[in-house]
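Read-outs throughout are calculated quantities, based only on the coordinates presented, and are distinct from any laboratory measurement. Computed from a prediction, not measured in an experiment: that's the story for all the values here. Backbone-built Cβ (ideal geometry, glycine too); neighbour counts: all protein chains shown.
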Amino acid sequence: MTLIVIAICAVLFFYGIASDRYTPYTAQGLVQAYLVKIAPEVGGKVVEIGVETDQRVEAGAVLFRIDPDMYELAVRRAEAQLEAVGQSIGASTAAVATAKAKRVEAIAKRENAREQAARTFELVKKGVYPTARRAQAQSFLDSAEAVVVQAEAEVEKARQALGPTGATNPQIREAMAALEQASLDLHSTTVLAPSEGGVTSLSLALGQVLGKGEAAMTYITGCTRKLGQSVSRSSWL
């Protein structure tokens with residue numbers, strides 16, 4: 001009987017160690033989360049939802065898409081207007097338009113990279129992410145900055161090829177600005193995850209019409225667990 005009791009105690013002892021390691025339980029557990037309201041930069045009908053409530057997503061993943069039809073039409077209209085203006089003054093502006101469109105895309109990606117890097121730096125500073133993540137974020141940001149510099153150089157090259165008369169023409173400048181805005185609006189119809197995290201409070205459905213800046217979901221980024229400790233300036237779930 002003594003040996004049986006000792007064996008049972010040993011089994012319970014090792015079971016307690018294993019369960020505490022793989023499925024720990026405590027009444028003092030808290031989860032720290034940084035909440036970000038996700039809203040589109042353009043308005044329109046939702047045609048795709050790439051996430052679900054309480055789903056964990058990677059940085060850059062598609063959260064949802066706004067119907068791009070009218071924004072594609074706006075781009076085509078701006079391109080046609082730019083072409084008409086170029087023809088009216090006898091200058092070819094196709095190269096400039098292409099270079100500017102690429103610059104708009106590069107700038108949009110750089111802004112997204114800056115936001116992700118800023119959040120990563122803050123989370124590394126708070127100890128949520130390891131220090132190595134800072135170097136990765138900085139490398140990603142430097143690459144995005146380099147692409148913008150290259151795109152700006154291509155724009156300048158295209159402008160010089162166009163000539164001072166065409167490039168400084170007010171009608172061409174106005175048409176180019178309209179094309180840039182239309183291209184940026186089209187790019188903004190796809191809303192991406194700002195960083196690695198999760199989705200909660202998803203108040204979104206296919207066919208729903210969102211206004212510009214209207215919150216569609218709450219995004220949780222930088223979750224970490226705390227035991228018996230409170231942290232100021234944070235949201236807790």
| note | Subtracting the Cα-Cα distance of Lys45 and Leu73 from 0.36 nm times their residue separation yields 8.6 nm
| request: Using amide H atoms built 1.01 Å from N in the peptide plane, name the residues 5+ places from Gly43, or on other chains, whose amide H lies under 5 Å from its own. | output: Lys212
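Too long at a 24 Å Cα-Cα cut-off: which of Lys45/Lys102; Lys37/Lys100; Lys37/Lys126? Write down the numbers at each step before the final one.
Numbers: Lys45/Lys102 26 Å; Lys37/Lys100 30 Å; Lys37/Lys126 21 Å.
Cα-Cα > 24 Å for Lys45/Lys102; Lys37/Lys100; rest within.
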| request: Calculate one ³J(HN,Hα) per residue across the range 135-144 by plugging θ = phi - 60° into the Karplus curve 6.51 cos²θ - 1.76 cosθ + 1.60, and present them in order as whole Hz with x for glycine and proline. | output: 5, 5, 5, 5, 5, 5, 5, 4, 5, 5
| query | With each label point set 7 Å from Cα along the Cα-Cβ vector, what nm distance links Leu12 and Thr200? | reply | 3.7
| request: Would you order Ile4, Ile49, Ile66 from fewest to most other beta-carbon atoms within 10 Å of each residue's own beta-carbon? | output: Ile4, Ile49, Ile66
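Run the numbers on the range 68-188 and let me know its relative contact order in percent, using alpha-carbon pairs under 8 Å that are six or more apart.
Values: 105 pairs, mean separation 57.4, N = 121.
Value for the range 68-188: 47 percent.
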| message | Per 0.36 nm of contour for each residue apart, how much would the distance between Ala61 and Ala95 grow if the chain were fully extended, relative to their Cα-Cα spacing? | response | 9.1 nm
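Can you compute the FRET efficiency between Ser139 and Leu3 using 1/(1 + (r/R0)^6), with r the Cβ-Cβ distance and R0 = 45 Å? Round to the nearest 0.05.
Result of the calculation: an efficiency of 0.15.
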| query | After finding the eigenvalues of the alpha carbon gyration tensor for the range 71-220, what semi-axes result from the square roots of 5 times each, listed largest first in whole Å? | reply | 36, 22, 8
